[in-house]
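What follows draws every value from the coordinates through simple rules; no lab data is involved. What you see is a predicted model; the values in this text were computed from it and never measured. As a convention, Cβ positions derive from the backbone with ideal geometry for all residues, glycine included, and neighbour counts pool all protein chains shown.
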Amino acid sequence: MNFAVVQFPGSNCDQDVVHVLRNVLGHSARLRWHKDSTLGAVDAVFIPGGFSYGDYLRTGAIARFSPVMAAVQQFAANGGLVLGICNGFQILCEAGLLPGALIRNRSLQFRCEHVYLKTETARSPFTNRVPSGKLLRIPIAHGEGCYFADEETRAKLQASDQVLWRYVNASGEPTAIANPNGSVDNIAGVCNEARNVAGLMPHPERASEAILGGTDGLLIFESMLSALQEKAASRARLEPAPAL
Amino acid sequence: MKAKIIITPKKAVLDPQGKTVQNALAHLGYTDVGAVHVGKYIEVEWTGSDRETARRQIDDACHRILSNPVIEDYRFELE
């Protein structure tokens, strides 16, 4: 598979995502600079973490208008898979590709620690490989990860099964103590209604090798790969190779 | 012309900065302090001369980029 990883001035998890895609999973991954107005022939796009444009004005507010984001919008509108991680999640919310917004952590602290995530639904290209009942232990590192959406939006998220991950304790309960930033309903990640765009605050790319303390993050990358392989296989069935 | 823009968190949105400042003020003995809200102040110098155009375009800019309507309200004056 071919992946694009978008790079803004201030991105700092871009190389980590490229490393996991190339060296851990063995796929092709290319960086796309914020001034690029095309993505090239790619199967999925990652918007990585960091502090794009210094987080000036609001997190993601400036990045959302960079030339590459117009290409990402188009790619998403055509059904392409897009995953935003941390600052990438903030950018996708600012761009209106995902509902809600991310605001300052309730504690006002920058939180850098491991959290437990409960995957709320396997029915998405980002979660289909997560075994039922399996909690993901993945690190967070953010100061503005408090997810906010108004009541009407939350009801819609719930009704259409768009909450992908929630912060939980080691027993899988979404308690206040397990919530590192004050997110409404302990929400750690959501997808759009069409289910091809998702974002989450935790960093799966930092939990994809045993030497880094855990590989639970790989399940998210593997879910995307599985969805892409499924899509490629069904396309091949519809358009059989011409007989030689 | 100059636009003076004030951006504040929406009422329904958690404002931990406001709450922390409120607590600090109470701690300093300002007993009559009620809720505190922390927002942003932006000044935009405007080179055009038509006030109506300025008003319309600044309103548009506030909506599109200077504020996030999901979490913030804005107001501005031209002078």
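For chain A, what is the relative contact order in percent, using Cα pairs closer than 8 Å and at least 6 residues apart in sequence?
18
Charges at C-beta only: +1 for Lys and Arg, -1 for Asp and Glu. How large is the resulting dipole of the range A:74-174 about its Cα centre, in Debye rounded to 20? Before the final figure, lay out the partial values.
Working: 11 positive and 9 negative charges, 71 e Å.
Charge dipole of the range A:74-174: 340 debye, to the nearest 20.
Need one value for A:104-110: mean number of C-beta atoms belonging to other chains within 10 Å of its residues' C-beta atoms.
The mean count of partner-chain Cβ atoms within 10 Å per residue comes to 3.
Say we join alpha carbon atoms closer than 10 Å with springs in a Gaussian network model of chain A; which of A:I85, A:I220, A:I211 then has the biggest fluctuation?
Comparing A:I85, A:I220, A:I211 in the GNM, the peak value goes to A:I211.
Which of A:L228, A:L57, A:L135 ends up with the largest GNM mean-square fluctuation for chain A, with Cα atoms connected below 10 Å?
Of the options given, A:L57 has the highest mean-square fluctuation.
Treating only the Cβ of Lys, Arg, Asp and Glu as charged (+1, +1, -1, -1), what charge dipole size does chain B show about its Cα centre? Round to the nearest 20 debye.
Rounded to the nearest 20 debye, it is 180 debye.
Normalised radius of gyration for the range B:1-55, please: alpha carbon Rg relative to 2.2 N^0.38 Å, two decimal places.
That ratio works out to 1.65.
Could you pull the Rg and Dmax for the range A:166-244, using just the Cα atoms, both in Å?
17.9, 63
Per residue of the protein assembly as shown, what 222 nm ellipticity follows from adding -39500 (n - 2.57) for every DSSP H run with n ≥ 4, rounded to the nearest 500?
Per the formula, -7500 deg cm²/dmol.
Name the residue, out of A:K118, A:K134, A:K231, whose mean-square fluctuation peaks in a Gaussian network model built on chain A with Cα pairs under 10 Å.
Taking springs between Cα atoms under 10 Å, the residue moving most is A:K231.
Given B:A61, B:I71, B:V38, which one lies farthest toward the positive end of the charge dipole of chain B, if we put +1 on the Cβ of every Lys and Arg and -1 on the Cβ of every Asp and Glu?
B:I71
Evaluate 2.2 N^0.38 Å with N set to the residue count of the range A:1-157, then give the Cα radius of gyration divided by it.
So the range A:1-157 has a normalised radius of gyration of 1.03.
Over the alpha-carbon set of the protein assembly as shown, work out the extent along each principal axis and list the three values in angstrom, largest first.
Principal-axis extents of the Cα atoms in the protein assembly as shown, largest first: 78, 52, 36 Å.
Relative contact order for chain B: what percent, with Cα pairs under 8 Å and sequence separation of 6 or more?
Contact order relative to length: 53 percent.
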